Amino acid sequence: MIALLAEGLSQMKYDVHLGLVTQVEAPSGSVPAWVTVHPLGACRVRAGALKLLRLVGRLQPDVLLSGMAHLNFLVLLLKPLLPAATRILVRQNSTVSSSLAQDKLPFYTRFLYRRLYPRADRILCPSRAMAADLALWAGLDEQSMVVLPNPLDWAGIQSALHAPSRWAGPGPNLLAVGRLAPEKGFDLLLEAMVQVIACYPAARLTLLGSGPQEEQLKQLAHRLGLDNVVSFAGYQQPPYSYYPGATLFVLPSRHEGMPNALMEALAGNLPVVAIPASGGVEALLEARKNAWLAREVSSPALADALLQALDAVCDSAAKNRTQHEPSQPLVIPRSSRTQCAASRHTVLADELAMQVDEFDFAHALAAYEQVLDAVCQEPRP
């Protein structure tokens with residue numbers, strides 16, 4: 001999302017700098033040449049405080065945009081030490097209620113939301129549901145928030161659908177995209193794959209992403225006997241080249257806000273299986289064809305959802321049925337039985353258009369620029 005935002009902002013109006021607090025470099029090809037990258041290389045976010053202060057003091061930016069909750073806390077904590085003219089925008093990238101319920105967060109997290117978030121000049125949320133949730137849990141005025149959709153590269157996604165398939169074997173082929181971190185639930189997906197393989201021996205899973213849990217997930221895959229089933233393909237920008245030939249897109253996150261990876265998969269006409277990570281995810285998939293939502297956040301529930309989806313989209317020749325019966329009905333059973341062809345894509349453009357329209361690249365960028373311009377024109381107290 002940040003890469004798309006940096007790429008699309010007007011070069012005539014803005015001088016864009018990207019500060020990477022915990023990275024030593026940006027992934028190759030992820031950021032356009034006209035964006036100045038500042039890799040701070042801190043071992044963790046809070047350890048980057050001094051380096052961040054030096055960077056902001058040197059650049060004297062008009063606007064500082066932060067995009068992760070714990071980084072938001074740090075930036076807002078440092079606000080008294082930042083240039084007085086610098087406006088601070090924080091983007092909420094997760095649903096607060098889900099994060100507090102699922103993560104082993106410090107007991108004072110809710111206090112930080114209540115005390116620090118009011119310091120921001122704007123609080124940006126990618127959906128109305130996230131804004132309402134944040135207002136409720138953090139005791140904030142919903143009027144202080146701005147709902148800004150994440151930019152979505154619709155044209156790039158549609159173009160990628162005509163590329164050759166990168167998948168080998170008969171499939172079915174499962175695709176998951178995201179940072180390899182506990183909140184993304186890839187451990188749940190690996191555990192669910194054991195049951196999937198029992199019914200679909202040729203099934204394969206590709207994980208696109210990198211992160212702190214990568215080695216742990218590889219060890220888990222090995223313990224589960226999935227070495228020949230799961231492929232860790234690393235960070236891929238953009239991930240669209242894996243869409244041709246993918247049978248299902250899987251979102252196993254324990255909690256999410258309005259995940260770009262899910263929106264991109266829907267724009268790419270991929271059947272989707274997801275865990276009910278947030279109200280935003282549930283609202284997005286509710287009553288949608290070719291979408292299945294697990295009944296709860298667990299690997300058995302995810303396995304049930306995956307098998308019901310595969311039963312619907314795969315030809316019977318693709319499976320080795322040891323008659324799987326889900327332990328409970330799924331919340332959203334969808335779609336009819338169709339051929340599981342590697343290049344199969346159902347035309348869902350009309351159905352998706354109303355929700356995806358506001359995520360269109362040009363539309364979303366115009367909304368971001370409007371907020372940037374407005375906050376820069378406000379007089380400082």
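Below, the figures for the structure above:
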{"read-out": "Lone qualifier among A6, A85 - being in a loop (DSSP other than H, G, I, E, B), assigned by TED's automatic domain parsing to the domain that holds E369 and within 19 Å of I123 (Cα to Cα)", "value": "A85"}
{"read-out": "Condition met for A42 (assigned to a loop (DSSP other than H, G, I, E, B), at negative phi, touching a Lys or Arg at 6+ places or on another chain (Cβ under 7 Å) and among the aliphatic types (A, V, I, L, M))", "value": "yes"}
{"read-out": "Meets criteria (farther than 24 Å from S210 by Cα and not assigned by TED's automatic domain parsing to the domain that holds R179) for V56", "value": "yes"}
{"read-out": "Single residue of M68, M145 found to be surrounded by 14 or more Cβ atoms within 10 Å (Cβ to Cβ) and within 29 Å of V24 (Cα to Cα)", "value": "M68"}
{"read-out": "Failed condition for M12, given (1) in a loop (DSSP other than H, G, I, E, B); (2) in contact (Cβ under 8 Å) with a residue 12 or more places away in the chain; (3) within 26 Å of Q377 (Cβ to Cβ)", "value": "(2)"}
{"read-out": "Total residues in segment 182-202, condition farther than 15 Å from S298 by Cα and of a type in the set (D, E)", "value": "0"}
{"read-out": "Helices (runs of 4 or more DSSP H) fully within segment 269-381 counting 3 or more residues that are at pLDDT 85 or above and loosely packed, with under 14 Cβ neighbours inside 10 Å", "value": "361-377"}
{"read-out": "Residue in segment 230-243 that is farther than 23 Å from P149 by Cβ, modelled with pLDDT of 85 or more and of a type in the set (A, V, I, L, M) present", "value": "yes"}
{"read-out": "Selection count where residues are more than 14 Å from D227 (Cβ to Cβ), in contact with a helix residue (DSSP H, G or I) (Cβ under 7 Å, 6 or more places away or on another chain) and assigned to a helix (DSSP H, G or I), scope segment 187-206", "value": "8"}
{"read-out": "Residue check, L55 free of Cβ contacts under 8 Å to residues at least 60 places away in the same chain and either exposed (fewer than 13 other Cβ atoms within 10 Å of the Cβ) or in a helix (DSSP H, G or I) (or both)", "value": "yes"}
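The values are calculated or read from the model by the stated rules, or taken from the named source; none is laboratory data. Worth saying up front: this structure is predicted, and the values here are computed from it rather than measured. Counting neighbours? That spans all protein chains shown, and the Cβs are built from the backbone with ideal geometry, glycine included.
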